[in-house]
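Report on the following structure.
Here, each number is a calculation from the coordinates, and none is a lab measurement. Here the structure is a predicted model, which is why all the values come from computation and not from measurement. Cβ coordinates were reconstructed from backbone atoms using ideal geometry, including for glycine residues, and neighbour counts include every protein chain displayed.
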Ligand SMILES: Cc1cc2nc3c(=O)[nH]c(=O)nc-3n(C[C@H](O)[C@H](O)[C@H](O)COP(=O)(O)O)c2cc1C
């Protein structure tokens, strides 16, 4: 797959074939990609919590929310839930703000997952305190972003944004996910 195709295929997936498990070693290999990615002042303040065990996945699942724009959808049902998670943590003993670092790490890891036939979704809508408790995190570690992973079991297509439809992603009658993207003309201001 060339790079443009990889970026195109790397959509946010929220429904998976849950029977396909993600080995911990694969998650470790994705963190290996984040490890060699850029880091402000090379401080490398991110830490990673890996979840591949089915029981542990269930605990994390209870603390994340998928597809806020899909009002008639309550999230993936049993059988189509993520089979792995990488929880990106920030170590506040190293620095206080992690958003850019986490974005770089997340996208890099998702591209790596997509290249290997998996896919996922960044999740910022997590229950911070409850998830913290589930993980039993030490004081210095803050949850920055959750990456849900699995074998995608849905199709996601991008389309040009228009004023009438707006920016909200939606599913068509046969369940194909559509994501409006603003056109290059709108993005490039000079
Ligand atoms: C920082 C960040 C946080 C996100 N948080 C959530 C989330 O909590 N739940 C969710 O279902 N999708 C989440 N998404 C996925 C976005 O909804 C998705 O990127 C957007 O709809 C565009 O779709 P695409 O990634 O397929 O291009 C998040 C994306 C980013 C970049």
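Below is a table of values for the structure above.
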read-out: Relative contact order of the chain, pairs being alpha-carbon contacts under 8 Å that are 6 or more residues apart, as %; value: 29 percent
read-out: 12 Å cut-off, amide nitrogen to a point 7 angstrom out along residue 104 Cα→Cβ, residues in the stretch 20-57; value: 34-46
read-out: Förster radius 30 Å - calculated FRET efficiency between residue 28 and residue 129 (Cβ-Cβ, nearest 0.05); value: 0.60
read-out: Translational D in µm²/s for the chain (Stokes-Einstein at 37 °C, 0.692 mPa s, Kirkwood Rh from C-alpha pairs); value: 187 µm²/s
read-out: Protection proxy ranking of 1-12, 99-110, 38-49 - average other beta-carbon atoms within 10 Å, highest first; value: 99-110, 38-49, 1-12
read-out: Highest-fluctuation residue, 134, 174, 28 considered, GNM on the chain with Cα pairs under 10 Å; value: 174
read-out: Spin-label proximity, residue 41 to the stretch 89-119 - amide N less than 15 Å from point 7 Å beyond Cα toward beta carbon; value: 91-101
read-out: Gain on full stretching of the segment that runs from residue 19 to residue 170 - 0.36 nm per residue minus C-alpha separation; value: 51.8 nm
read-out: Helical contribution to [θ] at 222 nm, DSSP H n ≥ 4, -39,500 (n - 2.57), averaged over the chain, rounded to 500; value: -8500 deg cm²/dmol
read-out: Taking only Cα atoms of the stretch 1-104, radius of gyration then Dmax in Å; value: 15.6, 44
